[in-house]
Each structure stands twice: as structure tokens, then as C-alpha cells.
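Engineer: Below is a structure I'd like to ask you about.
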Amino acid sequence: MLECKEWGASYDHRPPGPATLIVAGMCMVPGGATTELVRAEPQGIVRSDLMLVLNVNVPYGEAVEPGVATRVAFEEETETDYSTVTICSKVITTGKDRTIAVQHAH
């Protein structure tokens with residue numbers, strides 16, 4: 001099980017561009033684990049919602065250390081005007097996908 005919190009998403013439209021979407025959160029992961037946020041394939045039917053998958057990779061055969069606070073982030077240059085980001089994971093403790101509103105900076 002994985003506990004994640006403090007999710008945020010911002011879309012930076014400020015010149016000189018290009019526009020950049022940044023999604024980040026904090027997760028408690030086992031020591032030695034690596035995390036990544038990647039685009040879900042395929043994307044969902046709602047075009048204004050970017051779907052991301054949270055992958056957590058724990059080294060096989062190593063002793064698992066207590067949880068370590070780790071920043072998880074995704075960044076992409078895009079002209080798509082997303083209004084929400086949904087983070088999908090089978091290991092988040094809530095058992096549900098997390099949808100967050102995208103904040104816009106101009």
C-alpha cells in the first residue's frame with residue numbers, strides 16, 4: 001500500500017512559452033523504491049482530463065526499509081488545455097483514482 005498526498009497540477013502559460021503542465025505530489029514509498037508518473041495508454045474519453053499512471057518499483061530481493069517521503073512529478077510541454085488530471089494506481093491506499101484540478105498561471 002502506498003500513501004500519497006499534497007497533489008497539485010499547474011499549467012504554465014507564461015511567455016516565452018512553450019506552455020508546460022506540471023503535476024506533483026508526495027508519496028511515502030519503501031526505501032530504495034523508484035517512482036514515476038507516466039501517461040496512461042490509452043487516454044480516457046474526456047479530452048480535458050489527462051490520465052497519468054503512478055508506477056512504484058521496489059527492488060526485488062532487497063530488505064524493504066521504512067517509508068521515505070518522495071516527491072513524484074510529471075512535466076510536459078503541451079498546447080492541450082487540460083482542466084483536470086487523474087492519477088491512476090492500484091497501490092494507493094484509498095483504492096481510488098485521484099482527480100485534481102489544474103491551476104493556470106498566465
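The values are calculated or read from the model by the stated rules, or taken from the named source; none is laboratory data. As the structure is a prediction and not an experimental result, all values here were calculated from the model. Backbone-built Cβ (ideal geometry, glycine too); neighbour counts: all protein chains shown.
Engineer: If I filter region 35-45 down to residues being free of Cβ contacts under 8 Å to residues at least 12 places away in the same chain and farther than 14 Å from LEU21 by Cβ, which single residue comes out as nearest to the chain's Cα centre (by Cα)?
Structural biologist: Step one: of region 35-45, the residues free of Cβ contacts under 8 Å to residues at least 12 places away in the same chain are 41-43, 45.
Applying the additional criterion that residues be farther than 14 Å from LEU21 by Cβ yields 41-42, 45.
Values: GLU41: 14, PRO42: 16, ILE45: 19 Å.
The qualifying residue nearest to the chain's Cα centre (by Cα) is GLU41.
Engineer: OK, next. Quick check on my filter: what residues within region 51-61 are in contact with a strand residue (DSSP E or B) (Cβ under 9 Å, 6 or more places away or on another chain) and more than 15 Å from SER89 (Cβ to Cβ)? Full working, then the answer.
Structural biologist: Step one: of region 51-61, the residues in contact with a strand residue (DSSP E or B) (Cβ under 9 Å, 6 or more places away or on another chain) are 51-59.
Listed by number, the list holds a single entry, PRO59.
Engineer: Would it be correct to say that ARG71 is basic (Lys, Arg), out of contact with any strand residue (DSSP E or B) (no Cβ under 8 Å at 6 or more places or on another chain) and either over 17 Å from ALA105 (Cα atoms) or at pLDDT 95 or above (or both)?
Structural biologist: Values: basic (Lys, Arg): yes; out of contact with any strand residue (DSSP E or B) (no Cβ under 8 Å at 6 or more places or on another chain): no; either over 17 Å from ALA105 (Cα atoms) or at pLDDT 95 or above (or both): yes.
Considered against the rule, which asks whether it is basic (Lys, Arg), out of contact with any strand residue (DSSP E or B) (no Cβ under 8 Å at 6 or more places or on another chain) and either over 17 Å from ALA105 (Cα atoms) or at pLDDT 95 or above (or both), ARG71 comes out as no.
Engineer: Limited to region 22-34, what total is found for residues that are surrounded by fewer than 18 Cβ atoms within 10 Å (Cβ to Cβ) and either closer than 14 Å to PHE74 by Cβ or under 16 Å from the mean Cα position of the chain (by Cα) (or both)?
Structural biologist: Residues flagged as surrounded by fewer than 18 Cβ atoms within 10 Å (Cβ to Cβ) and either closer than 14 Å to PHE74 by Cβ or under 16 Å from the mean Cα position of the chain (by Cα) (or both) within region 22-34 amount to 5.
Engineer: Follow-up question, since we're still on this one. Which of the residues spanning region 1-50 are at pLDDT below 90, within 25 Å of ASP81 (Cβ to Cβ) and touching an Asp or Glu at 6+ places or on another chain (Cβ under 7 Å)?
Structural biologist: Hits for region 1-50 are PRO18, ALA19.
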